[in-house]
Amino acid sequence: MSEIKKIDVNSLYAILLREVENDSVQEIDPKLYLNIAEFLGNLKNQDYDGIESKITNSLAKIISDMMSLLLKIRIDKAIGPDEIDYSNLLDEERFILDSEDEMRQRKDTILSATLNGRLKLLETLAENHRSRSVAVRFLKSIDQIVGTDLHAYGPFEAEDVATLPFENARALITKKVAVKVSWED
């Protein structure tokens, strides 16, 4: 594995090229995404004018595009037809693929329950999904609402965060009154 202390266009290009030229996910520096984030953060915090600003912006775009392509290639390689190959993946990539793995498990559960006539399991899964809660951040102030669970929620001011029943949260998100908040954020 090549040791990366500082990231630049050439070193990122070499990593990207090696990834493209091989069929399997390549071993890379576990701190690659941290190094790229630090590099881009420092680059964007530079206060240049004129041509120097254009060069800095172009460099940031090139690094961002290469990073996006590298991530896409690595994720696409890891997703196999039957299971996900977690070898040589970085923690950030595993974080992405955890949801893919969960989606496959859910799909298999629904398929199995349907094909085996397990009505109660399907009904329970559907009810649990409908009755789940979602965390949202409000973009606008709203008056008190009655949730699908018949509980009162609010009133809310812009930037308030609340956990609401799924159907209510979805309606507010659709109306652009709120946005979903991920607990990882």
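Nothing in this text is a laboratory measurement; each read-out follows from the coordinates by a stated rule. Predicted, not measured: the structure shown is a model, and the values here were computed from it. Methodologically, a virtual Cβ is constructed for each residue, glycine included, from the backbone with ideal geometry; neighbour enumeration extends over all protein chains shown.
Structure notes:
- Those aspartates and glutamates that a straight Cα-Cα span of less than 19 Å connects to K175, excepting residues fewer than 8 apart in one chain: D143, E157, E159, D160, E167
- Phi angles across segment 40-50 convert, under the Karplus curve 6.51 cos²θ - 1.76 cosθ + 1.60 with θ = phi - 60°, into 3J(HN,Hα) values of 5, x, 5, 5, 6, 8, 5, 10, 9, 10, x Hz, Gly and Pro given as x.
- Whole-Hz ³J(HN,Hα) from phi, Karplus 6.51 cos²θ - 1.76 cosθ + 1.60, for segment 18-26, glycine and proline x: 4, 5, 5, 6, 10, 7, 9, 5, 8
- Nearest-ten-degree value, helix 91-115 long axis tilted from longest Cα axis of the chain: 40
- The chain: relative contact order in percent, alpha carbon pairs under 8 Å with at least 6 residues between: 15
- Under 17 Å from K107, Cα to Cα: lysines that are on another chain or at least 8 residues apart: K120
- Rounded to the nearest 5, the antiparallel percentage of DSSP beta bridges internal to segment 132-185 is 100%.
- Taking label positions 7 Å along the Cα-Cβ direction at both Q46 and V181, the computed distance is 3.7 nm, reported to one decimal.
- Neighbours of F166, meaning other residues whose beta-carbon lies under 12 angstrom from its beta-carbon, give a summed charge of +1 when Lys and Arg score +1 and Asp and Glu score -1.
- Extension gain, I96 back to R132 (0.36 nm per residue minus Cα-Cα distance, nm): 10.7 nm
- Per-residue ³J(HN,Hα) for segment 133-146, Karplus 6.51 cos²θ - 1.76 cosθ + 1.60, θ = phi - 60°, Hz, x for Gly and Pro: 9, 10, 7, 10, 10, 7, 9, 9, 6, 9, 6, 4, 10, 9
- Amide proton proximity set for V134, modelled H, under 5 Å, gap of 5+: L164, F166
- Candidates I142, I73, I62, ranked by Gaussian network fluctuation over the chain, Cα under 10 Å, top entry: I142
- Pairs spanning more than 21 Å between alpha-carbon atoms, out of K140/K180; K6/K77; K44/K72; K6/K44; K31/K72; K6/K31: K6/K77; K44/K72.
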